[in-house]
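Data first, discussion second: the structure below is written as structure tokens.
The values are calculated or read from the model by the stated rules, or taken from the named source; none is laboratory data. Only a predicted model underlies this, so the values are computations on that prediction, with no experimental measurement involved. Glycine also receives a Cβ, built like all others from the backbone with ideal geometry; neighbour counts cover every protein chain displayed. To get the accessible areas, we keep the full protein, side chains included, count just its heavy atoms, and leave off ligands, DNA and RNA. Shrake-Rupley method; radii C 1.70, N 1.55, O 1.52, S 1.80 Å.
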Amino acid sequence: MTVHLAAQSVPFGPFEELDLQELAIGNGKLNISYEHAARLTFTLVAPQQERPIEYHTYLKLWIEGATVRGAAQSIDNPLFEGFVESISPDASNQLSYECYDPSYRANKEVKLFNASYTPGNPEELLWPQPAIGAVPRLVYNCKNDADDDYAHSVGQDGTVGEILAGILEYSYHPLVWRNAAPGDGTLEGAVPPYVGSELAQYDFKPQEKLVFPSEPVRSCLDRVRRYEPRMRLLWEPGSRLWRFPKIDTAPVVTIRVNDPSVTHPVLSMQMQTTIENCHTAVRIYGPETNTTEIFTWRLPAEDEIDPPANTLVPLGDPTFLETWGNSSGFFTEQTWPRWQIVDPSKRRGAKLLNDWFTASVESYQQVAVRSPVLQCSWDRGTTWQTAYGVWFDFREGIATFNGTVPYFRRVNASGGSIVPGSTQTIFAPNAMRLVWAPYSPCLQVRVPEEGFEGTAYTVAGLARELEQYDESLATGREYGVPVTTSARIAQFVKYARAQLDEQKDIVWTGGVVLDGLDFSWASLSKRVSFTSGNGGGGTQTIGWEDINAILTDVEYDLTNDQTSLTFSGDWMEQLGEDSGQLRERLKIRALEQVALFAGQTLIFEIFRTYKGYKAQQLVGVTNNYRVAYVDPETGMEQ
């Protein structure tokens, strides 16, 4: 295996191959992951104050005789390319280098503007500049012409794929100058930095306005990716394209364990299952929905046979106003300071009505109000007067008078009752009504419409619903009530389906270490299942034949000639595990093959003496050896 490393010092400049033996470069490791830029680390021998390879040097790494991404590795199709980002003293006369692919530097240096950059001049090393009038604030999908951003918004009604393409196109020229996109730095040599057919499959249309203020390009891409949870991001060396694979449709590769005859045998393995953060249904809620309803209480008339049912009732002890009498006896005039809605499902209400309500405040005066009101009537609902000094409990549907309860006092000229034959002078309301804004079921989207799905449900019995709020589920309001359209509902069904498909199945996390460097994993975008040898050349069932574990990280140990695979590394972080530590736990150093003495075989020959007796004669000695594998650091046989 011959490793090559070439360096470039200026943009679009020539590459010069480095002498790895002269620099004593070693301890090379390459980590490729969906979650961060590809990372190459190595050491070289030099005094700690020197830097044989300078900061910001652009490196290309390839292995002679090996293939990657379906073609032979070369300076034009490298295994890795990226900038030197960190140099640190590691030991006496040794420096540690850390390099990242160009997407790392692009995220540090390239801000997204609301117009494409003007191309630079490679011949004079004049870097691309923002267009005239452009600002580092890009607005997508602003559909409201009353919004100040409407005039400057781009990509109206764009899909996720179109928005991702737009972000890369707007940032294209500075990406090229940082080797993070294909092209020669000129307008004529511009090449799309993505695969169009790959982005076309992401057809969900975000329904809300997207704003990217002073945001680096990779951060913008990651933010849009949240609409397609099955999407991952990977920058590809060689082609310098930004790839967006869909993990649930990645091809399935089978690894055979317990079989040393395969090209890259499994040296160690650790796998586990989890349903942590799994969901087997997704429900999306739209904005709160309220209706305007009137709840009433009325005192039945003396001759009323079947009075209507009250939807508002007095609460607590009454307030006594007066004891009065007539020819029928004595009576108590009373009213209540607190009133409550009867139906518990209608009690919780909003502080504003959906529409204007005309309320009587004086005998001949009416005003339009948006807040809930409590009204009183002394003629059983024929006319109404709005009460003052009322406190509302919007959770329990209670209206409380703060201070004096409503009543009126009416006397004749002599100070007596105005009712003939009665002593009554104080009159309590005989009807009350509360104009309220109770909550009603809001707009919702659920996938699946009923029940649950996924192996987390069918195998582990997990019935867990992911609940999210998104006000853009509504397209607007009619008479204060949120409304939507079938097209908007369809987009959210698609979004909910994408969320569910990523989270509905049992997650397999862990890692595998393979003997040798297997570069078929370098592009990730694979799902993995396992079979097992039975020791006799056949196969035995282990129950992992269809687990489809998602490959998220691969590490190549160029010194020890090993390949480490990590499955669902992003989920491991959520579970509090570190995928890097797992790789170290699984790491097995390359073993040294030795021949150990295993005794001697003596060869005898039987013959007859001259007297006719049988005898044995030693005619040869064979030394026996067995092949063993020894850890070169400990000397212990493995």
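For a bin width of 10 Å, list the pair-distance distribution of region 79-122 built from all Cα-Cα distances, rounded to whole %.
P(r) for region 79-122, in whole percents per bin: 21, 33, 29, 12, 5, 0.
Just how large is the dipole of the chain about the Cα centre, in debye to the nearest 20, putting +1 at every Lys and Arg Cβ and -1 at every Asp and Glu Cβ?
1160
Any chance you could check the Cα centroid distance between region 39-92 and region 466-534 for me, in angstrom?
Centre-to-centre distance over Cα atoms comes out at 35 Å.
For region 375-428, state the semi-axes of the equivalent ellipsoid (square roots of 5 times the eigenvalues of the alpha-carbon gyration tensor), sorted largest first and rounded to whole angstrom. All intermediate terms of the calculation are to be shown ahead of the outcome.
Working: eigenvalues 177, 31, 14 Å².
For region 375-428, the ellipsoid semi-axes come out as 30, 12, 9 Å.
Identify the GluC sites (Glu not before Pro) of region 449-535 meeting these criteria: DSSP loop state and at most 12 other C-beta atoms within 10 Å of the C-beta.
Glu449, Glu450
Quick check: residue separation of Asn310 and Arg497 times 0.36 nm, minus the Cα distance between them. What number comes out in nm?
Values: separation 187, 0.36 × 187 = 67.32 nm, distance 4.54 nm.
Full extension of this stretch gives 62.8 nm more.
For region 292-437, how big is Rg over Rh, using alpha carbon atoms and the Kirkwood form of Rh?
0.99
Between Asp184 and Ala115, 0.36 nm times their residue separation minus their Cα-Cα distance comes to what?
Numbers: separation 69, 0.36 × 69 = 24.84 nm, distance 2.05 nm.
Full extension of this stretch gives 22.8 nm more.
Could you check how much of the accessible area of the chain is carbon and sulfur, as a whole percent, using a 1.4 Å probe?
The value for the chain is 49 percent carbon and sulfur by accessible area.
Relative contact order for the chain using alpha-carbon pairs under 8 Å, separation at least 6, rounded to a whole percent? Write out the running numbers ahead of the final one.
Working: 1429 pairs, mean separation 85.8, N = 638.
About 13 percent, as a whole number.
For Met1, tell me the accessible area in Å² from a 1.4 Å probe, rounded to the nearest 10.
130
What is the distance, in nm, between label points placed 7 Å from the Cα along the Cα-to-Cβ direction at Ser74 and at Ala146?
Taking the two extended label points, one gets 6.2 nm.
Determine the equivalent ellipsoid of the chain by diagonalising the alpha-carbon gyration tensor, then write out the semi-axes as square roots of 5 times the eigenvalues, largest first, rounded to whole Å.
Semi-axes (√(5λ), whole Å): 78, 37, 20.
Find how much the distance from Ile132 to Thr539 grows on full extension, using 0.36 nm per residue of separation minus their present alpha carbon separation; answer in nm with one decimal.
139.8 nm
Treating only the Cβ of Lys, Arg, Asp and Glu as charged (+1, +1, -1, -1), what charge dipole size does region 296-379 show about its Cα centre? Round to the nearest 20 debye.
Approximately 720 debye in magnitude.
Give me the accessible area per residue for the chain, probe 1.4 Å, as a whole number in Å².
About 50 Å² of surface per residue is accessible.
Quick check: pseudo-label points 7 Å beyond the Cα along Cα→Cβ at Thr531 and Arg226, how many nm apart are they?
If labels sit at Thr531 and Arg226, their model points lie 4.3 nm apart.
Using +1 at the C-beta of Lys and Arg and -1 at the C-beta of Asp and Glu, which of Gly325, Thr254, Ile32 has the Cα lying farthest in the positive direction of the dipole of the chain?
Farthest towards the positive end: Gly325.
Mind listing which chymotrypsin sites (Phe, Trp or Tyr not before Pro) in region 5-60 are in a DSSP loop and have 12 or fewer other Cβ atoms within 10 Å?
Of the chymotrypsin sites (Phe, Trp or Tyr not before Pro), the ones in loops of region 5-60 whose Cβ has at most 12 other Cβ atoms within 10 Å are Tyr55.
What nm distance separates the two modelled labels at Asp379 and Glu471, each placed 7 Å from Cα along Cα→Cβ?
Here the answer is 4.4 nm between the modelled labels.
Restricting to DSSP loop positions (anything but H, G, I, E, B) with no more than 16 other Cβ atoms inside 10 Å of their own Cβ, which chymotrypsin sites (Phe, Trp or Tyr not before Pro) remain in region 317-389?
Those that pass, being in a loop and sparsely packed, are Trp356, Tyr364, Tyr388.
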